[in-house]
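Working notes, beginning with the structure itself.
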Amino acid sequence: MNNNNKFFSAMLAAVVSAAFLIPAVHAFEILVPYTVDTKLGEASIVSGDATELAKMEYFVSQLLGSATTLVQDLKDDTPTAVANPGATGEWYIDVAPATPGYFLLKFGTGGTDTDSSTGKPIEIVDHYFFQNIGELDKLVFSNAQVNFLTGNGVEPSLNIGRLSHYVTYDGVIPPCTNCDFVTVPEPTTLLLMSAGLFGFGLARRRKSA
């Protein structure tokens, strides 16, 4: 077998190998967790569109360093959160095709409790405010970010049934400078690269002939 035939055989093997890699790439993509969004703050407030909007604007203004006006986009009183794939202690809510810049999560833990060390009443945090930084059609949060839904971080396991509602908001999204995103090769990229190598091999073979 001359050098040209060896090169052609190698290119053919590369194309076949790339075709077998495509299912593996898809499987890898599924296992990559969604990026957990940035928590801006938390508060114990009376639920209501105006009150929640005002508090969200406060936290966003603190983030941006100037007064900010937001627009309420979507409110869901029967939210469904599912486990973040490939992660432990993380959850997400799918809001596709919407891509909100900010959102809040409200849990059914409001009111007061008693501080075990002092015996005095304390407020239980029930609203958590976030900037949407990763997959913008997903609202992603962790158990720790919402104090395990108890307001005091003591409960060891998440009771997702305590999620009361969520609200999304549109507004200016500052660039994310400290975000680590996982880049996964696209199947199309692999095919194009393989096709180019294959064509290069054919051209060399014809030129030699």
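The values are calculated or read from the model by the stated rules, or taken from the named source; none is laboratory data. Fair warning: this is a prediction, and the values are worked out from it, not measured in the lab. Cβ placement follows ideal geometry from the backbone for every residue including glycine, while neighbour counts extend to all protein chains displayed.
Laid out as a table, the results:
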| quantity | calculated |
| --- | --- |
| Any hit, segment 27-49, residues being at pLDDT 85 or above, part of a helix (DSSP H, G or I) and surrounded by fewer than 16 Cβ atoms within 10 Å (Cβ to Cβ) | yes |
| Wholly within segment 58-167, strands (runs of 3 or more DSSP E) carrying at least 2 residues that are at pLDDT 75 or above | 71-76, 90-94, 102-107, 127-131, 138-142 |
| Filter result (within 12 Å of the chain's Cα centre (by Cα) and not aliphatic (A, V, I, L, M)) within segment 87-99 | GLU90, TRP91, TYR92, ASP94, THR99 |
| Every pair of residues 6+ apart whose Cβ atoms lie under 8 Å, when the first sits in segment 70-97 and is in contact (Cβ under 8 Å) with a residue 60 or more places away in the chain and loosely packed, with under 13 Cβ neighbours inside 10 Å while the second is of a type in the set (Gly, Ala, Ser) and part of a loop (DSSP other than H, G, I, E, B) | VAL71/GLY171 |
| Close pairs (6 angstrom Cβ cut-off, 6 or more residues apart or separate chains): farther than 10 Å from TYR128 by Cα in segment 39-55, part of a helix (DSSP H, G or I) and among the hydroxyl-bearing types (Ser, Thr, Tyr) anywhere | ILE45/THR51 |
